[in-house]
Amino acid sequence: MLHIVDHPCVRAKLSILRDRTTPCVRFRECVREVTSFIAAEALRGVELESFPVKTPLAETTGYRIANAIVFVPILRAGLGMLEAAQSLVPDSAAGFVGLERDHVTRLPREYYCKLPEATPNSFALLLDPMLATGNSLAAAADLLKQAGFRRIAAVTIISAPEGKAVFEARHPGIDVFTGCLDERLDENKYIVPGLGDAGDRIFGTEHV
Ligand code: URA
């Protein structure tokens, strides 16, 4: 299921991301800011465990996240979201999935996969700013499932209806949290209106 995190701050920051004149440094900053809102929603369902805390005035109940959280950016654009996600859960682990499009099949092909060990209480969150065709996110979710992760969610910044349909068909049990559901894909599989190439804009390679 796709969950849209329709917060006024997310809408405002998405507009900065969409603006073609936003410079690379501000773009990267905004990716981090918007990721914090969306990833926080994706983490709403985590389990907590309680422990005693002494304030200067009294003893009370404190809470900490009981799940072993694993953030998994899809290379390369997902890397721009990792730091913001990690600051929500500093004692999380990170895994990495690299996928590139095969020139013949036009489907994503894995070129890198490094994941921490899955445990019964692991909760893995895939990070990828653009849910476009849905093929990369679905392939990354396949890799997590093959590695033994049972609880998985995905965090994206902008999603396309085509990608939503593909991902929901392949992984009906995985929730996707996103900032906006845009109109469509164009003939080059870019999201319209979208924000252009997220990786290029995060890493300053637009004109390279
Ligand atoms: N990847 C991007 O970076 N942008 C899109 O619009 C689609 C996929």
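Between 0 and 90 degrees, the angle of helix 79-88 with respect to the longest Cα principal axis of the chain falls at about 20 degrees. Here's the picture: charge each Lys and Arg Cβ at +1 and each Asp and Glu Cβ at -1 in the stretch 127-183, and of F149, P172, L137 the one pushed furthest to the positive end of that dipole is F149.
So, by mean Cβ neighbours within 10 angstrom, what's the order for 141-148, 181-188, 52-59 with the highest one leading? Intermediate values should be presented prior to the final figure.
On the way: 141-148: 17.8, 181-188: 12.8, 52-59: 7.8.
My ranking of the peptides, most packed first, is 141-148, 181-188, 52-59.
Put a dot 7 Å past the Cα of A169, heading toward its Cβ, do the same for H3, and the two dots end up 2.5 nm apart.
Expressed in nm to one decimal, what extension gain is obtained for the pair I65 and N121 from 0.36 nm per residue of sequence separation less their Cα-Cα distance? Display every interim value, and only then the final one.
Details: separation 56, 0.36 × 56 = 20.16 nm, distance 1.07 nm.
Full extension from I65 to N121 adds 19.1 nm.
Largest first and in whole Å, give the semi-axes of the stretch 107-208's equivalent ellipsoid, each being the square root of 5 times a Cα gyration tensor eigenvalue.
Numbers: eigenvalues 121, 52, 29 Å².
Taking √(5λ) for each eigenvalue gives 25, 16, 12 Å, largest first.
The charge dipole of the stretch 105-159, taken about its Cα centre with unit charges on the Cβ atoms of Lys, Arg (+1), Asp and Glu (-1) only, comes to about 80 debye.
Order by neighbour count: D128, D200, fewest other Cβ atoms within 10 Å first, most last. Intermediate results must be reported in sequence, preceding the final value.
Details: D128 27, D200 16.
Least crowded to most crowded, the residues run D200, D128.
Amide hydrogen proximity for L75: with H placed 1.01 Å from N in the peptide plane, the residues at 5 or more positions away or on another chain lying under 5 Å are V97, G98, L99. With coordinates expressed along the principal axes, the C-alpha atoms belonging to the stretch 1-111 extend over 63, 33, 28 Å, beginning with the largest. Binned at 5 Å from 0, what are the whole-percent values of the Cα-Cα distance distribution for the chain, short to long? Result, from short to long distances: 1, 7, 15, 20, 20, 15, 9, 5, 3, 2, 1, 0, 0, 0 percent. Measure nothing fancy, just the Cα-based angle from helix 8-18's long axis to the longest principal axis of the chain, in degrees from 0 to 90, nearest 10. The angle comes out near 30 degrees.
Count charges around R101 for me, please; just the other residues with Cβ under 12 Å from its Cβ, Lys/Arg as +1, Asp/Glu as -1.
Working: positive: R106, R109, K189; negative: E100, D102, E110.
Spelling it out: positives minus negatives among the neighbours equals 0.
Shown here for the stretch 88-134: trypsin sites (Lys or Arg not before Pro) in loop regions (DSSP other than H, G, I, E, B) with at most 14 other Cβ atoms within 10 Å, namely R106.
Readers should treat all values here as calculations from the given coordinates under stated rules, not as data from a laboratory. Just so you know, these numbers come straight off a predicted model, no measurement behind them. Note that we place each Cβ from the backbone using ideal geometry, even for glycine, and neighbour counts take in every protein chain shown.
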